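**Student:** Starting off with a structure, shown below.
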Amino acid sequence: MRPYRELTRGELLALKDELEAKYREFQGRNLKLDMSRGKPSKAQLDLSMEMMDVLHSGVDLTCEEGVDCRNYGVLDGIKEAKELLGAISEVNPENIIIYGNSSLNVMYDTVSRAMTHGVMGGTPWCKLDKVKFLCPVPGYDRHFAITEFFGIEMINVPMTPTGPDMDIVEKLVAEDEAIKGIWCVPKYSNPQGISYSDETVRRFAALKPAAKDFRIYWDNAYSVHHLYDDDQDIVLEILEECAKAGNPDMVYKFTSTSKITFPGSGIAAIATSKNNIEEIKKQLTIQTIGHDKVNQLRHVRFFKNLDGVKEHMKKHADILRPKFETVLDILEKELGGLEIGSWTKPKGGYFISFDSMDGCAKAIVAKAKDAGVVMTGAGATYPYGKDPHDSNIRIAPSFPEPDELALATELFVLCVKLVSVEKMLGDM
């Protein structure tokens with residue numbers, strides 16, 4: 001196919017008429033399709049239904065250490081849950097605290113605690129004139145929502161194929177004491193599906209921040225979420241690298257089973273240094289007597305160990321892989337060679353990142369919505385919802401049924417073509 005930029009004005013006008021006719025056809029179908037968030041499909045949720053059977057009224061609910069999981073106690077999680085989440089996180093169980101169902105909740109709590117009480121003896125952030133966070137972009141909108149909620153200034157850091165631009169990260173954290181943290185999704189990043197290289201992880205571990213209370217917020221959301229058995233990304237373990245570099249306290253590592261079992265009823269954890277663990281526990285003793293140990297026990301008895309998790313995740317991959325390949329095949333077939341968009345081809349995670357021509361993303365998403373396909377809002381992958389190029393769109397293939405997904409993607413590429421042609425005609 002010829003690149004659109006090579007077409008004459010007359011050819012573009014004729015193409016516009018053709019595309020508009022196809023778009024009107026889609027509008028007439030009264031579609032109601034949702035590609036807005038990375039939600040597991042019903043088929044994925046069904047994979048964990050047997051977990052509901054491992055505990056029942058005739059089962060002993062005593063954990064390995066002899067604690068009755070129905071009662072109060074065990075602030076930081078039962079031993080076997082710490083071992084399971086530690087294995088998923090690739091850290092020593094001694095460096096884990098088990099929480100409730102959501103790692104997002106843990107991240108919120110971690111920022112909130114720093115705002116009100118500081119970090120390991122530091123000044124509470126709420127008493128400082130300015131607090132800043134680095135935000136690799138495009139990135140995860142819910143990360144940005146947390147820092148925006150607390151009035152923290154967010155600074156964009158461009159993503160590269162190997163992770164955040166570390167030249168920029170190193171320079172900024174070394175020069176500005178107001179920079180207190182950075183959001184990271186190190187494996188199969190949201191939305192691009194990028195995994196950090198060994199060099200990137202080591203440079204993170206060796207950072208020399210001006211702020212003594214600077215922390216890396218390492219969201220290990222997709223640590224076991226591979227699409228392929230024989231082609232998986234491996235990321236260096238950040239706690240170990242920080243310890244080697246003499247910065248053992250510099251990272252908070254978050255994980256959960258949200259997209260492994262039930263997103264609304266999983267278990268979450270933070271992994272960090274012993275010093276950080278002790279400080280977090282001081283807050284936890286006030287906040288709770290302990291999280292849901294019955295649910296922790298349910299997860300452990302269902303999976304048994306990391307091998308059980310890996311086998312379970314292969315079943316997820318068997319459902320997700322064809323969906324990702326459907327989207328990628330349609331993008332390549334319909335847009336390849338037109339030079340009006342580019343997209344990532346992730347090996348895992350939950351998203352495909354699409355970049356349109358500058359100034360087109362909002363119009364593409366709006367057109368898709370008007371024809372019955374809801375997508376993540378354009379700009380959501382940037383702090384404050386402001387994509388400076390208005391080009392990035394997050395595609396979430398997981399939730400729709402396969403036939404619906406193909407239809408939604410066909411409409412999406414039609415909207416990309418139509419908006420791109422309109423942009424080119426407007427620029428002439």
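The values are calculated or read from the model by the stated rules, or taken from the named source; none is laboratory data. Note that the coordinates shown come from a computational prediction; the quantities given were computed from them, not determined experimentally. Cβ: placed from backbone, ideal geometry, glycine included. Neighbour counts: every protein chain shown. Side chains included, ligands, DNA and RNA excluded: accessible areas come from the protein's heavy atoms. Shrake-Rupley method; radii C 1.70, N 1.55, O 1.52, S 1.80 Å.
**Student:** What residues of region 96-139 lie in the reach of a label at Ile286, counting those whose backbone N is under 19 Å from a point 7 Å from the Cα along Cα→Cβ?
**Tutor:** Under cut-off, by backbone N: 106-128.
**Student:** Work out the length of the dipole vector of region 1-126 about its Cα centre, built from +1 on the beta-carbon of each Lys and Arg and -1 on the beta-carbon of each Asp and Glu, and round it to the nearest 20 debye.
**Tutor:** Its charge dipole is roughly 1040 debye.
**Student:** Put +1 on the Cβ of each Lys and Arg and -1 on the Cβ of each Asp and Glu in the chain; which of Gly100, Ile152, Pro40 then has its Cα farthest toward the positive end of the dipole?
**Tutor:** Ile152
**Student:** Express the carbon and sulfur contribution to the solvent-accessible surface of the chain as a percent, rounded to the nearest whole number, probe 1.4 angstrom.
**Tutor:** 50
**Student:** A further question follows. Quick check for me: using +1 on Lys/Arg Cβ and -1 on Asp/Glu Cβ, what's the dipole size of region 153-304 about its Cα centre, in debye to the nearest 20?
**Tutor:** Charge dipole, region 153-304, about its Cα centre: 840 debye, nearest 20.
**Student:** I would also like to ask the following. For Thr344, Thr381, write out the residues from largest to smallest accessible area, computed with a 1.4 angstrom probe and no ligands counted.
**Tutor:** Working: Thr344 35, Thr381 5 Å².
Of Thr344, Thr381, the descending order of accessible area is Thr344, Thr381.
**Student:** For helix 103-117, report the angle its Cα long axis makes with the longest principal axis of the Cα atoms of the chain; keep it between 0 and 90° and round to the nearest 10°.
**Tutor:** 70
**Student:** Further question on the same structure: Quick check: the angle from helix 306-335's long axis to the longest principal axis of the chain, C-alpha only, nearest 10 degrees?
**Tutor:** Value to nearest ten degrees: 20.
**Student:** Ignoring the sites themselves, what is the longest stretch of the chain with no GluC sites (Glu not before Pro) in a DSSP loop and at most 13 other beta-carbon atoms within 10 Å? Walk me through the numbers before you get to the answer.
**Tutor:** Values: sites that count: Glu64, Glu65.
It works out to 66-428.
**Student:** Here is a further query. Looking at Val201, Ile182, Val91, which one has the Cα that reaches farthest to the positive end of the dipole of region 52-201 (charges on Cβ: Lys, Arg +1; Asp, Glu -1)?
**Tutor:** Ile182
**Student:** Still on this structure: Tell me the net charge near Gly66. Cut-off is 14 Å between Cβ atoms, Gly66 excluded, with +1 for each Lys or Arg and -1 for each Asp or Glu. The partial results should precede the final answer.
**Tutor:** Details: positive: Arg70, Lys79, Lys293; negative: Asp60, Glu64, Glu65, Asp68, Glu80.
Cβ neighbours under 14 Å give a net charge of -2.
**Student:** Whole-Hz ³J(HN,Hα) for each residue in region 51-68, computed from phi via Karplus 6.51 cos²θ - 1.76 cosθ + 1.60 with θ = phi - 60°, x for glycine and proline: what do you get?
**Tutor:** Using θ = phi - 60°, the values come out as 4, 6, 9, 6, 10, 8, 5, x, 9, 6, 9, 8, 7, 4, 8, x, 8, 6 Hz.
**Student:** Follow-up. Debye calculation, C-alpha points only, no solvent: report log10 I(q)/I(0) for the chain at q = 0.06, 0.07, 0.12, 0.13 Å⁻¹, in the same order as the q values.
**Tutor:** -0.28, -0.37, -1.01, -1.15
**Student:** Something else: How large is the accessible surface of Lys345 in square angstrom, using a 1.4 angstrom probe and rounding to the nearest 10?
**Tutor:** Taking all protein chains as shown, Lys345 has close to 140 Å².
**Student:** Quick one: compute the contact order of the chain, relative version, from alpha carbon pairs under 8 angstrom and 6+ residues apart, as a percent.
**Tutor:** The value is 26 percent.
**Student:** Right, another one. Under 22 Å Cα-Cα from Lys82, which lysines qualify once same-chain neighbours fewer than 8 residues away are excluded?
**Tutor:** Lys187, Lys253, Lys259, Lys274, Lys281, Lys282, Lys293, Lys304, Lys310
**Student:** Using modelled backbone amide H atoms (1.01 Å from N, in-plane), which distant-in-sequence or interchain residues come within less than 5 Å of Val137's amide H?
**Tutor:** Residues meeting the criterion, in which the H sits 1.01 Å from N, are Val157, Met159.
**Student:** Another question, if that's okay. From the P(r) of region 277-337, could you give the percentage of C-alpha pairs in the tail past 16 Å?
**Tutor:** Looking at region 277-337, the distances longer than 16 Å represent 70 percent of pairs.
**Student:** Give the shape of region 386-428 as rounded, prolate or oblate, defined through the alpha-carbon gyration tensor: a ≥ b ≥ c are the square roots of its eigenvalues, a/c under 1.5 means rounded, and otherwise the shape is prolate if a/b is larger than b/c and oblate if not.
**Tutor:** Oblate, because a/c is 1.5 or more while a/b does not exceed b/c.
**Student:** Let me ask something additional. Read phi for every residue in region 247-256 and hand back ³J(HN,Hα) as whole Hz from Karplus 6.51 cos²θ - 1.76 cosθ + 1.60, θ = phi - 60°, with x for Gly and Pro.
**Tutor:** 10, x, 9, 7, 10, 10, 10, 10, 7, 7
**Student:** If you don't mind, another one. Under a 1.4 Å probe, what is the accessible area of the chain per residue, stated in Å²?
**Tutor:** 43
**Student:** Now for a different question. Cα axis of helix 166-175 to longest principal axis of the chain: angle in degrees, 0 to 90, nearest 10?
**Tutor:** 50
**Student:** For Val294 and Ala206 in one chain, what is 0.36 nm times their gap in residues minus the Cα-Cα distance, to one decimal in nm?
**Tutor:** 27.7 nm
**Student:** In whole angstrom, how far apart do the alpha carbon centroids of region 1-33 and region 98-160 sit?
**Tutor:** That distance is 43 Å.
**Student:** Taking the Cα centre of the chain as origin, sum charge times position over the Cβ atoms of Lys and Arg (+1) and Asp and Glu (-1), and report the length of that vector in debye to the nearest 20. It would help to have the intermediate numbers written out before the result.
**Tutor:** Details: 52 positive and 64 negative charges, 161 e Å.
Dipole about the Cα centre, nearest 20: 780 debye.
**Student:** Along region 281-294, what does the Karplus equation 6.51 cos²θ - 1.76 cosθ + 1.60 (θ = phi - 60°) give for ³J(HN,Hα), rounded to whole Hz, x for Gly and Pro?
**Tutor:** 4, 4, 6, 4, 5, 7, 6, 8, 8, x, 7, 5, 6, 4
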